[in-house]
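Values in this text are rule-based calculations from the coordinates and carry no lab data. Not measured: the values here are computed from a predicted model. With ideal geometry, Cβ positions are generated from the backbone for all residues, glycine too; neighbour counts draw on all protein chains shown.
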Amino acid sequence: MKDTLRMVADLMALAACTAPKTLGQDFVRAKVISGDELNALADAMDRYGKEKGAVNFDRDAENIRHSAALLLLSLDHPAPAGLNCGACGHSQCSELNTTADAEFSNPLCVWRILDLGIALGSAAKTAGLLNADNRIMGRPGTVAREMGMIKGELVIGIPISATSKNIYFDRPENKKPGLIVF
């Protein structure tokens, strides 16, 4: 079953990489991890949540531990689209200067973020069509980026599993006060 789910994750990556992109310019990167890399990511997520006082990193780490594979999608050095739309808060794309931050580099061109969203949707749809349970998650991407598992200014993960009940839903939420980070 693990080999099958690894193939599903690879097909998800294919769907993400072939999803339409603004102006046909592609800044979306994909990486599939499984096995020991998943466990290392889960351990790092536990540590990150404790160090930052951020809720639900431990809960999501347990999901990662019980996953067969995880697709990481990132925006890697996304150049502004040059449309001067103002959605980023600047009237001209040339005014958009990216700076590093704890979870992602910002600000980012909204059109490039939409590209990532479309890629995520295409990947999740592919998993669903192949009957693999999945969920789009920010927390694994945040920590994978910090670990250097994948390059990019913004990273999101989609773990997959195949069990009789989807492990990514009906999860207990950590109600402890603290920094809420997706």
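What's the Cα-based Rg to Rh of segment 106-150, Rh via Kirkwood?
For segment 106-150, the value is 1.04.
With all pairs of different alpha carbon atoms counted, what Kirkwood hydrodynamic radius in Å does segment 117-175 show?
Taking the inverse mean of 1/r over all distinct Cα pairs, segment 117-175 comes out at 12.7 Å.
In vacuo Debye scattering of segment 1-91, one point per C-alpha: log10 I(q)/I(0) at q = 0.14, 0.18, 0.21 Å⁻¹?
Results for segment 1-91 at q = 0.14, 0.18, 0.21 Å⁻¹ read -0.71, -0.91, -0.99.
Would you kindly state how much longer the chain becomes between GLU146 and SER164 on full extension, computed as 0.36 nm times their sequence separation minus their alpha carbon distance, in nm to one decimal? Working shown, then result.
Values: separation 18, 0.36 × 18 = 6.48 nm, distance 3.28 nm.
Length gained, GLU146 through SER164: 3.2 nm.
Note down the nm distance, to one decimal, between modelled labels 7 Å out along Cα→Cβ at ASN131 and at ASP43.
Distance between the two pseudo-spin positions: 3.5 nm.
Can you sort LYS125, LYS50 from fewest to most other Cβ atoms within 10 Å of each residue's own Cβ?
Ordered from fewest to most neighbouring Cβ atoms within 10 Å, LYS125, LYS50 come out as LYS50, LYS125.
So for MET1, MET7, MET149, MET45, fewest C-beta neighbours within 10 Å to most, what's the order?
MET1, MET7, MET149, MET45
Under a crude label model (7 Å from the Cα following the beta-carbon direction), how far is LEU114 from HIS66 in nanometres?
Result: 3.7 nm between the two label points.
Projected onto the charge dipole of the chain (+1 at Lys/Arg Cβ, -1 at Asp/Glu Cβ, origin at the Cα centre), which of TYR168, ASN97, LEU11 gives the Cα projection farthest towards the positive end?
TYR168
Can you give the net charge of the other residues whose Cβ lies under 12 Å from the Cβ of ALA124, counting K and R as +1 and D and E as -1? List each step's numbers first, then the result.
Values: positive: LYS125, ARG135; negative: ASP133.
Taking every other residue near ALA124 into account, the sum is +1.
If R0 is 41 Å, what FRET efficiency do you get for THR4 and GLU95 from their C-beta distance, rounded to 0.05? Walk me through the numbers on the way to the answer.
Details: r = 48 Å, r/R0 = 1.17.
Calculated value: 0.30.
Ranking CYS88, CYS109 by Cβ neighbours within 10 Å, fewest first, what do you get?
If I rank by nearby Cβ atoms, fewest first, I get CYS88, CYS109.
For SER105 and LEU23, calculate 0.36 nm times their separation in residues minus their Cα-Cα distance, and state this gained length in nm to one decimal.
That pair, SER105 and LEU23, stretches by 27.3 nm at full extension.
Between HIS77 and LEU14, what FRET efficiency comes out of the Förster formula 1/(1 + (r/R0)^6) with R0 = 22 Å and r the beta carbon distance, rounded to 0.05?
Working from the Cβ atoms, E equals 0.50.
Enumerate the whole-percent occupancy of each 10 Å bin, from 0 to the last occupied one, for all C-alpha pair distances of the chain.
Spelled out per bin, shortest first, that is 10, 36, 34, 17, 3, 0.
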